[in-house]
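Data first, discussion second: the structure below is written as structure tokens.
The values are calculated or read from the model by the stated rules, or taken from the named source; none is laboratory data. Computed from a prediction, not measured in an experiment: that's the story for all the values here. Counting neighbours? That spans all protein chains shown, and the Cβs are built from the backbone with ideal geometry, glycine included. Calculation scope for accessible area: heavy atoms of the full protein, side chains included, ligands and nucleic acids excluded. Shrake-Rupley method; radii C 1.70, N 1.55, O 1.52, S 1.80 Å.
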Amino acid sequence: GVAEYFRLDGGDVRTIVSKEFRFLDSVEARFGTGGDFRLYHSGSTSFMQNFTGDIRIINYATDGDIEFFSDDGSGGETEYFRVDGGQEKTLFSKNTEHQDSVKAQFGDSADLQIYHDGSNSYIQDTGTGNLIITGSSNIQLKSAGDEFYMIANADGQVALYNNGIKKFETTSSGVDVTGRMAI
């Protein structure tokens, strides 16, 4: 039978495609006068390549999202992160991993940096102002083995520990010291 696959429509000044376009392996779909943007599949990997300017992914739908999915490790698919237009934030659904010496940077001038250099881990304030750590109730510094270094209780005492044993604690009337206090 006869079926329309595509139409060159002079009245609408466009080409209308009515059936699937299938590009064989390693055949590129090129866009732009110089073919600067290309899409293709090599037979094992899919490619999106740009040779001029930036790539912008824009969702014009009101409160629309841009969602990034991949394999979930068991043959299914899951969302890894989403640019949420309704909530005006980026949501991560899976862990992120920063390789050694790759910094998570915050602030217009990378004022706060969090990273691991292969030997040590850092939370580094490199900008103006103070590094302020707040908690909704208590702040605890602990070892990976769950041993306390310090506990700061909201509206209460601050305690310092040595080898997991409380040695110094502020109280409403001053301080309590366990053991010898050297000056």
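Inspect the range 43-62 for any residue being hydroxyl-bearing (Ser, Thr, Tyr), open to solvent by less than 100 Å² (accessible area, probe 1.4 Å) and under 30 Å from residue 2 (Cβ atoms) and give the result as yes or no.
no
Take the residues in the range 1-20 that are in contact (Cβ under 8 Å) with a residue 12 or more places away in the chain and assigned to a loop (DSSP other than H, G, I, E, B); name whichever of them is nearest to residue 70 (Cα to Cα).
Per the criteria, the residue is 19.
Determine whether the range 98-105 contains at least one residue that is modelled with pLDDT of 95 or more, in a loop (DSSP other than H, G, I, E, B), under 30 Å from residue 128 (Cβ atoms) and among the basic types (Lys, Arg).
For the range 98-105, residues modelled with pLDDT of 95 or more, in a loop (DSSP other than H, G, I, E, B), under 30 Å from residue 128 (Cβ atoms) and among the basic types (Lys, Arg): present.
So which of 113, 124 is of a type outside the set (Ser, Thr, Tyr), open to solvent by less than 60 Å² (accessible area, probe 1.4 Å) and in a strand (DSSP E or B)?
The unique qualifying residue is 113.
Exactly one condition in (1) exposed (fewer than 12 other Cβ atoms within 10 Å of the Cβ); (2) closer than 29 Å to residue 90 by Cβ; (3) not acidic (Asp, Glu) is false for residue 37; which is it?
Among (1) exposed (fewer than 12 other Cβ atoms within 10 Å of the Cβ); (2) closer than 29 Å to residue 90 by Cβ; (3) not acidic (Asp, Glu), residue 37 violates only (1).
Any idea which residue in the range 151-179 is most open to solvent (accessible area, probe 1.4 Å), counting only those that are acidic (Asp, Glu) and more than 36 Å from the chain's Cα centre (by Cα)?
176
If the requirement is being open to solvent by 80 Å² or more (accessible area, probe 1.4 Å), farther than 30 Å from residue 162 by Cβ and modelled with pLDDT of 95 or more, which of these qualifies: 79, 88?
Criteria check complete, one pass: 88.
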